[in-house]
Amino acid sequence: MVLVAGFDLGSRSVKIALREGESYAFSSYDTVEFYRRYGRLKEGRLLVDLRALGLPEGVKIVSTGYGRNTVKIHGGKDIPEIKAHVLGAIAQTGLSDFTLLDLGGQDTKVALVRGGRLVDFQTNDRCAAGSGRYLENMAAVLGMKVEELGEYLEEPVELDATCAIFGESELVGRIIEGHPPARLAAGVNYTIWKRVRPMLENLLSDVVVFTGGVAYNRAVVEIIRRETGVQVVVPAEPRYNGAIGCCVYALQTEGERR
C-alpha cells in the first residue's frame, strides 16, 4: 500500500495530509516554528526531519507552497498551489465543474474548473485583506475570537476600507461612533465579500467550492451565497485542501508509473 504525504507550505501555517489507503490523517504547524524545528536548507531545497514529524522515511512526498515564495522539499515533488487546490477540491467534492474560491491565511485564489480541468484562474497575494490574517486582526480589534465573527451577518455597519491596515483604523472609528459589536462584526464579514467580489464574478459558475481557513466562517459563506445566488459548497476539510490535492497528485503519478 502506497503511503503519501501532501505538504501545503502556507504563509501562516504548514498543513500536512498523510494518506494510507483511503484514510487521511492531518496535522498543522505554525510556518516559522515548522521551519525552525523540522527543516533546514540543503542544496537549495528544504530537508524535512520526517522522523521528528512521525513520518516514515519511505513516504512519498508532494508539496505545494505559498505564492512566489515556494520552498521545495528535498526528495519530493512540488506542484503549483493552484493545481494542488483544484485537485483537492475535485477529490473532496466529486465535482468537475465549479469555481474554486480559496481564502487562506494571507492570499486569495479563484479558479474556474470545467470537466475537471483548470480553465482560468486569478490570484492575489499582495494584500492581506480578504484573508484569514485580516479576520484575525479585525477580531482582535473587536475583542472577539475569530470563530465568533462567523456568527454575525445581519445589519452590517458599512466599512469602506478594503486594505487590512486602513481597515483596522476605520473599525476603531466605527467603535467610537457607538455601533454594537454584532453589526460591526457583520460589517467585517461583508468586507471579505467586497474584496473577493471582482475576482469571483469574473470566473463565477453555478457552484462555488469554498476552501481555506476563511471557509469556516459561516457568515462569509452565507454572504457569498446571498450575493451570488449560486450554490456554495464547503468541503469536509477546507483548510487541508491543498495538502489533500498534493496527495491526489502523488497517487495519480504513482498509478501512471505502474
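Worth pointing out:
- Residues (of a type in the set (A, V, I, L, M) and in contact (Cβ under 8 Å) with a residue 60 or more places away in the chain) located in the range 165-192: I192
- From the list V141, V209, the lone residue that is buried (at least 22 other Cβ atoms within 10 Å of the Cβ) and not in a loop (DSSP other than H, G, I, E, B) is V209.
- Answer residue from the range 2-31, given it is under 12 Å from G105 (Cβ atoms) and not charged (D, E, K, R) and is nearest to the chain's Cα centre (by Cα) among those: G10
- Subset of the range 1-40 (residues that are under 20 Å from I79 (Cβ atoms) and among the hydrophobic types (A, V, I, L, M, F, W, C)): V2, L3, V4, A5, F7, L9, V14, I16, A17, L18, F26, F34
- Residues of the range 83-126 classified as at pLDDT below 95 and not in a strand (DSSP E or B), total: 6
- Condition check for G6: assigned to a strand (DSSP E or B), in contact (Cβ under 8 Å) with a residue 60 or more places away in the chain and of a type outside the set (A, V, I, L, M, F, W, C): yes
- Filter result for T253 (over 22 Å from D120 (Cβ atoms), buried (at least 22 other Cβ atoms within 10 Å of the Cβ) and among the β-branched types (V, I, T)): no
- Any hit, the range 224-234, residues being assigned to a loop (DSSP other than H, G, I, E, B), touching a residue at least 40 places away in the same chain (Cβ under 8 Å) and closer than 27 Å to A140 by Cβ: no
- Note on the range 54-73: residues that are modelled with pLDDT of 95 or more and either assigned to a loop (DSSP other than H, G, I, E, B) or exposed (fewer than 11 other Cβ atoms within 10 Å of the Cβ) (or both) total 0.
- Residues that are basic (K, R) and surrounded by fewer than 14 Cβ atoms within 10 Å (Cβ to Cβ), drawn from the range 1-46: R36, R37, R40, K42
- If the condition is being surrounded by fewer than 24 Cβ atoms within 10 Å (Cβ to Cβ), within 17 Å of the chain's Cα centre (by Cα) and either under 15 Å from E158 (Cα atoms) or modelled with pLDDT of 95 or more (or both), then the range 179-199 contributes W193, R195.
- Within the range 23-53, tally of residues that are part of a helix (DSSP H, G or I) and among the acidic types (D, E): 1
The values are calculated or read from the model by the stated rules, or taken from the named source; none is laboratory data. What you see is a predicted model; the values in this text were computed from it and never measured. For neighbour counting, all protein chains shown are included, and Cβ atoms are generated from backbone atoms with ideal geometry for every residue, glycine included.
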